[in-house]
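Just below is one structure, and these are the notes that go with it.
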Amino acid sequence: MAERLIIDYSSPGRKGYSLPPLEIPEVDMGDYIKESYFRDELKLPEVSEVDVVRHYTALSELNYGVDSGIYPLGSCTMKYNPKRNEDIARIEGLSQLHPYQDEEDLQGSFEFLYELKRDLAEISGMDEMTLQPASGAHGELTGLLIIREYFEDKGIEKNKVIVPDSAHGTNPASAVMAGFDIVEIESNKDGMVDIDELKEAVDDKVAALMLTNPNTLGIFEKDIKEIADIIHDAGGLLYYDGANLNAIMGYARPGDMDFDVLHLNLHKTFSTPHGGGGPGSGTVGVKEFLRPYLPRPVLKKDDKNYYWDYDRPKSIGKVHAFYGNYGVLVKAFSYIKTLGGKGLTRTTENAVLNANYMKAKLKEEFSLPYQENSLHEFVLSGVKQKEKGASTLNMAKRLLDYGQYAPTIYFPLVVKEAMMIEPTETENIDTLNRFIETLQKISEEVENNPELVKNAPHNTSVRKLDEVKAARQPDLRW
Amino acid sequence: MDYVSNTVTERNEMLKEIGVETVEEIFNSIPEEVKLKRELKVSGGMSELALKDYMQEISEKNSSLVHYTSFLGAGAYDHYVPGIIDHLISRQEFYTAYTPYQAELSQGTLQVIYEYQSMICELTGMGVANASLLDGGSATAEAILMAARISRNKKILLSAGLHPAYREVAHTYGVPKNLNFVQIGLEGTTTNLTELEENLDKDVAAVVVQYPNFYGSIEEMEKIKELKQQYKKVLLIVVTNPIALGLLKPPGEFGADIVTGEGQPLGNPLNYGGPYLGFLSCKDERKYIRQIPGRIAGATEDVEGNVGYVLTLQTREQHIRRDKATSNMCTNEALNAAISTIYMATMGKAGLREVAEKSFKKAHYLAEKIDELDKFNVLNMDNFFYEFKVETKLPVKKVLSDLKQEKILGGVNLSRFDEEGILLSVTEKRTKEELDRLVQLMEAM
């Protein structure tokens, strides 16, 4: 059943709040503000506290979270969000802090932020990190601006960024925002960077190659050293998209693969919740020679205290008004301190084990477009089922009927009818088996009753929604 | 402690299914030369109890606002946050969900976004809003890039009354896109309109002003509207504080084309500067809507004709348009937008006005008293909202540290922005006793 809008609960004069009394002698606002600057009306809801609680509780019940069940979105790393991290982020001494308080009042927070930077640098093999970017794409933009600033500082003219066709859409979009032109290269038949094509694309105007490794097919670019050499020999830099770090943490480090800049999505690998689309954190790491270009300020430590260093003449400047998504950083730090180096490595091991188990169980029923070994995620194709009348989209919607979330679909773009599955390490074999059985059952349904799948979902709070209508006749507010 | 629950037996069963002896074999696709052949040097492995003790200990090295009476503002405000908000956003269905890719299992998130967009439009007096951006600073930068795309011009007139950090973020984003920033100075604490007029011409993409501005002053919006309207292609971007709009005429009524700003004051905890949320709204016209950065939710219907919500107009976005997208925005600040939605619903029509009014009145009560003191002078007595600039011949640093001894954070030292003076903000939370005590202490200096 649909839940009406909060504005429809309104009743004139109804209130759901109380504020402290004014106490002071009455102030005539007209003495200070011209009459024409006061607003006439404000059509916000007039509802009680109970109305608000019931309404948003009802809305929450129309949602599905990681605590509801498996969330196998490829490249999204929907792992369990530990409750202890939420508790810690709510400790008053850590959360009730104003961004312009004196540094002497913030030494505790600085201590853990500094350690978090060091831990992330160790995990990724980089020399310095900035915690300022507030999302993965924000991190990409920051990293590319650092690259841009570096070349400008050196007086070297570069205007191109190479992006493989299997890359996340944010990669080319971020590079364009940073003022670069995009050169897209096609993957080879194994789903990896085509070395010949790369060589062809590289020239002295290439500032960077952006790469996800393992790539969005879950396949590790085994020629990474050669790729790095090709780019570096031409005077370019290597950018690592950290969306897939959960595949290699503790096993390999982007820094050791000769990447110069990277971003890490703390809301993926480091377990902070996605919040229905944010907040995230896209912390950026660089090699030593790029340190001067990091966004201002940089957290430093002298023999007594931690402090923000604003005196950064070569910095790209700020990318966020304050210091980034601090509340997210607390949670990521809690996670890292819970697991430690050993736990993080075990995480990777099990993420990869889970994904490969699912792949082994599903590759017969669906097509596996790329045979190469994959790590924490894999991509199936629904072409066989499509021929029988039900698309990947239909099957994804049918999964919802069974109370399970769907994989990432139609991405990467290089695979037809793609289903990109990433179970993460926090699911166990029982949950995986249930999901596998459901997918197999849906495939049988496609065989026997394709209409059932084509018209899915049937059991959700709303049925298949008309996206074309939404776009053609936009209704974006009440 | 980790969060892996497969047992040894189960792991062996899985390995058998995969057809390998050990997990290490799966990792063989990583070349030896780039493998990490040692353990990560990351401390940890703490139990829940140990971790909580450790973090509690760290928190005690801070001096949080719990210990102080705070007059700090400058872009992050200590307003009252209704207790129900944290309860509601702590429902796992909200905070552990992903971006609503599968709309049919994400109606909660999507309807919240739709309600958020509706209330942001209402507050700002605009036709369309997006689902949130990363923070006030980056939202201002995105609004500027959007205006440049719409006008096809490169020149941006930035008021010096815009938050200095926002100006810096705008430069970081704008310079690579060859935008040409011209700063318009101040007269007193508001934008110098003569200077604005002199710099306005047909090549300007946008005029950016903050209302109320960084110093808390209400800009002369009527005149800015007149000036801007002389040039058809020039857009007016108004950066605003949503709380002030509980009382003030919305920017939409002053000819704004894009309204943006920091949504933190709408129920979000201070959290040392983030996560906050940037809001962005604009005119309900096709040429604007096509250029909006980030996600937008819309209402539609399902196959049975029931109302439902989806992410829409996605052909603007990076996952579809890649290098042709309006922005690289992907992850936004959805949970913070949910907080602000619940805040706006709870406070509602009367509450938002009351917060604005009480903040305004308490701030003016305090400012009048400070202005009467010999050693202090309020610079924008005649036009501020709930934040004002104070000048003093005394060393500012000492004034603030003396107040801090008395457990009062007496405002932001503007030396942080290479300026003299103190910026004080007063919210509805401050009591008469706190205000009087501050005046008393300042009087004794």
Whole-Hz Karplus ³J(HN,Hα) for the range A:384-395, in order, using 6.51 cos²θ - 1.76 cosθ + 1.60 and θ = phi - 60°, x for Gly and Pro? 4, 5, 4, 4, 8, x, 10, 7, 4, 4, 4, 5
As straight-line cross-link partners of residue A:454, the qualifying lysines (C-alpha separation under 16 Å, not fewer than 8 residues apart within one chain) are A:384, A:386, A:388, A:397, A:441, A:464
Shielding of A:11-24 by partner chains, average beta-carbon count, 10 Å: 6
Lys, Arg +1 and Asp, Glu -1 on Cβ, resulting dipole of chain B about Cα centre, debye, nearest 20: 1020 debye
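Count the net charge of all other residues whose Cβ sits under 15 Å from the Cβ of residue A:118, scoring Lys and Arg as +1 and Asp and Glu as -1.
Values: positive: A:117, A:253, A:291, A:300, A:301, A:337, B:41; negative: A:111, A:115, A:119, A:122, A:127, A:128, A:288.
The answer is 0.
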If Rh is defined by the Kirkwood formula over all Cα pairs and Rg also comes from Cα, what ratio Rg/Rh do you get for chain A? 1.01
For the range A:15-41 and the range B:190-223, compute the distance between their C-alpha centroids and round to whole Å. 26 Å
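Per residue of B:306-318, how many C-beta atoms from partner chains lie within 10 Å of its own C-beta, taken as a mean? Mind showing how you got there, number by number?
Details: counts 6, 7, 10, 6, 7, 3, 10, 4, 3, 1, 0, 3, 10.
Mean partner-chain Cβ count within 10 Å for B:306-318: 5.
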In the range B:1-68, the chymotrypsin sites (Phe, Trp or Tyr not before Pro) that fall in loop regions by DSSP, at most 11 other Cβ within 10 Å: none
Quick one: Debye curve from the alpha-carbon atoms of the range A:44-103 only, equal weights, vacuum; give me log10 I(q)/I(0) at q = 0.13, 0.26 Å⁻¹ to two decimals. -0.71, -1.01
Residue-ordered couplings for the range B:216-232, obtained by feeding phi - 60° into the Karplus form 6.51 cos²θ - 1.76 cosθ + 1.60 and rounding to whole Hz (Gly and Pro as x), are x, 7, 8, 5, 7, 5, 4, 6, 4, 4, 4, 4, 5, 5, 6, 10, 5
Cα→Cβ-extended label distance, 7 Å offset, between residue A:437 and residue A:28, nm: 7.8 nm
Sort B:392, B:190, B:331 by Cβ crowding within 10 Å, fewest neighbours at the top. B:392, B:190, B:331
Amide H to amide H under 5 Å from residue B:408: which residues, 5+ apart in sequence or cross-chain, H placed 1.01 Å off N in plane? B:69
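What does the charge dipole of the protein assembly as shown about its Cα centre add up to, to the nearest 20 debye, if the Cβ of each Lys and Arg holds +1 and the Cβ of each Asp and Glu holds -1? Intermediate values should be presented prior to the final figure.
On the way: 103 positive and 140 negative charges, 203 e Å.
For this selection, approximately 980 debye.
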Would you mind counting up the charge near residue B:345? Only other residues with Cβ under 11 Å from its Cβ, with Lys and Arg at +1 and Asp and Glu at -1. -3
About its Cα centre, how strong a charge dipole does the range A:361-427 have in debye, to the nearest 20, once Lys and Arg get +1 and Asp and Glu get -1 at the Cβ? 380 debye
Work out the charge dipole of the protein assembly as shown with +1 on the Cβ of Lys and Arg and -1 on the Cβ of Asp and Glu about the Cα centre, then indicate which of A:350, A:215, A:465 is farthest towards its positive end. A:465
With the range A:84-338 reduced to its Cα atoms and the Debye formula applied, log10 I(q)/I(0) at q = 0.11 1/Å amounts to -0.57
Which whole-angstrom value gives the distance between the alpha carbon centres of the range B:317-352 and the range A:291-327? 27 Å
Which lysines have a Cα less than 17 Å from the Cα of residue B:349, not counting those fewer than 8 places away in the same chain? A:15, A:43, B:249, B:358
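Averaged across the residues of B:433-439, what count of C-beta atoms belonging to other chains lies within 10 Å of each residue's C-beta? Please list the in-between numbers first.
On the way: counts 1, 0, 2, 2, 0, 0, 0.
Across B:433-439, the average partner-chain Cβ count within 10 Å equals 1.
I'd like to know how chain B sits against the 2.2 N^0.38 Å rule of thumb: what's its Cα Rg over that expected value?
Working: Rg = 25.3 Å, N = 445, 2.2 N^0.38 = 22.3 Å.
Scaled against compact globular proteins, the figure is 1.13.
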Considering just Cα atoms, how many Å³ per residue does the convex hull of the range A:341-469 enclose? 128 Å³
Cα Rg, Dmax (largest Cα-Cα span) when computed across the range B:84-342, Å: 18.1, 61
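What is the order of A:398, B:11, B:316, fewest Cβ neighbours within 10 Å to most?
Ordered from fewest to most neighbouring Cβ atoms within 10 Å, A:398, B:11, B:316 come out as B:11, B:316, A:398.
So for the range B:173-241, averaging the separation of alpha carbon pairs under 8 Å that are six or more residues apart and normalising by length, what relative contact order in percent results? Each step should come with its number before you reach the end.
Values: 72 pairs, mean separation 22.5, N = 69.
Computed over the range B:173-241, the figure is 33 percent.
Mind checking the range A:242-314 for chymotrypsin sites (Phe, Trp or Tyr not before Pro) that DSSP puts in a loop (not H, G, I, E or B) and that have at most 14 other Cβ atoms within 10 Å? Provide the component values of the computation, followed by the final result.
On the way: sites: A:251, A:259, A:270, A:289, A:293, A:306, A:307, A:308, A:310; in loops: A:251, A:259, A:270, A:310.
Sparse-neighbourhood loop chymotrypsin sites (Phe, Trp or Tyr not before Pro): A:310.
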Values of log10 I(q)/I(0), in the order q = 0.07, 0.09, 0.11 Å⁻¹, for the protein assembly as shown under a Debye, Cα-only, solvent-free model: -0.54, -0.91, -1.38
In whole Å, what is the distance between the alpha-carbon centres of the range B:68-128 and the range A:162-240? 37 Å
Which residue, chosen from A:333, A:109, A:415, occupies the Cα position most advanced towards the positive end of the dipole of chain A, where the dipole is computed from +1 (Lys, Arg) and -1 (Asp, Glu) charges on Cβ about the Cα centre? A:415
Along the positive direction of the dipole of the range B:42-165 (beta-carbon charges: Lys, Arg +1; Asp, Glu -1; about the Cα centre), which of B:99, B:158, B:129 reaches farthest? B:158
Please list, in chain and number order, the residues 5+ apart from residue A:252 or on another chain whose amide H is under 5 Å from its amide H, with Hs placed from the backbone. B:36
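Throughout, read-outs are computed from the coordinates displayed, never taken from laboratory work. Not measured: the values here are computed from a predicted model. Every residue, glycine among them, receives a Cβ derived from its backbone with ideal geometry; neighbour counts consider all protein chains shown.
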